[in-house]
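Worksheet: the structure to be examined is printed underneath.
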Amino acid sequence: MSRFLEGRVAIVTGAGRGIGRAHALELARHGAKVVVNDFGVSNNGEKPGSESVQSPAHDVVAEIEAMGGEAVVNGADVADFEQAAAMVQQAIDTFGGLDILVNNAGFVRDRMLVNATEDEWDAVIRVHLKGHFAPLRHAAAYWRAESKEGRQRAARVINTTSGAGLQGSIGQITYSAAKGGIATMTVVAAAELGRVGVTVNALAPVAKTRMTEGAFDTSEMALPEDNSPIVAWLASEASGHVTGRVFESDGGKLTLEEGWNHGAARDKGSRWEATELGDVVDALIAEGADPEPVYGAS
């Protein structure tokens, strides 16, 4: 196994199970030292009934150590601003720095719009959007400080979006909104952090996990580890020319996602009258590309 991440330090959030676990193991196989974060919640974000239950992050650390790698457990709630700061500091204190942040933690509480509750909305938006923002905010502050001190790092961020956030998904309006927000967060952070040596990209993984089982037919879906090679490459110094991009990984198929772009336009040169706009809108739609259908739409 190539060790092209040798000496690099990574945080992977939500790394106790599924895709996050696969990412942590893949980074370690290539030589990275890994902070394995897992808050130990169920698929819908609820804590286990017994506080004595050991986080699955301990098992992941044991697997990494068994292969000769270095890793440490972190139990932070990544959407808690102070806990996210402490997680970043743990990487710095334990391994001497931070080079890679893989934001992966999340859960689902799927509902149709008319059945969605405020509490479910708040919980899902919190863990996905704030759970990406908080670690990224603290990591970015560290990388900027390092750059100012003449120690600019070839830092890499890989966020986790979803086809639900890019194309939409029936019955997942809250999750779709959160994942769409992450894609936009990615392109803004990439534009802001490039000057201090940081690239920021996002992955929309397709895999059979706790989050997909029961929601979809997963019999033909890729395995979690099938998504991890692109994460390892984006985490490497070789990927420095790639930033602000969103990829979808589905087994052996890798797709570059294309987001919102300006399409057809009409400029009257003055304020439109409302009664004029029917023909204008119809002409713009006729010239534009048809949107991809929302997942699950009939």
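Read-outs throughout are calculated quantities, based only on the coordinates presented, and are distinct from any laboratory measurement. Quantities reported herein were computed from a predicted structural model and do not represent experimental measurements. Virtual Cβ from ideal backbone geometry, glycine too; neighbours counted across all protein chains shown.
Numerical summary
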{"read-out": "Kirkwood Rh in Å, taken over all unlike Cα pairs in segment 9-256", "value": "17.9"}
{"read-out": "Label point at residue 195 placed 7 Å out along Cα→Cβ; residues across segment 141-158 whose backbone nitrogen lies under 20 Å", "value": "141-157"}
{"read-out": "Lys pairs, segment 9-256 - Cα-Cα below 24 angstrom, 8 or more residues apart or on other chains", "value": "7"}
{"read-out": "By average C-beta atoms within 10 angstrom, highest first, the peptides 151-157, 252-258", "value": "151-157, 252-258"}
{"read-out": "With eigenvalues of the C-alpha gyration tensor scaled by 5 and rooted, segment 110-155, Å", "value": "37, 8, 5"}
{"read-out": "Rounded tilt (10° steps) of 81-95 against the dominant C-alpha axis of the chain", "value": "40"}
{"read-out": "Simple label model, 7 Å out from Cα along Cβ direction - residue 151 to residue 6, nm", "value": "2.2"}
{"read-out": "12, 61 arranged by Cβ crowding within 10 Å, fewest neighbours leading", "value": "61, 12"}
{"read-out": "Theoretical ellipticity at 222 nm over the chain - DSSP helices of four or more residues, -39500 (n - 2.57) apiece, nearest 500", "value": "-11000 deg cm²/dmol"}
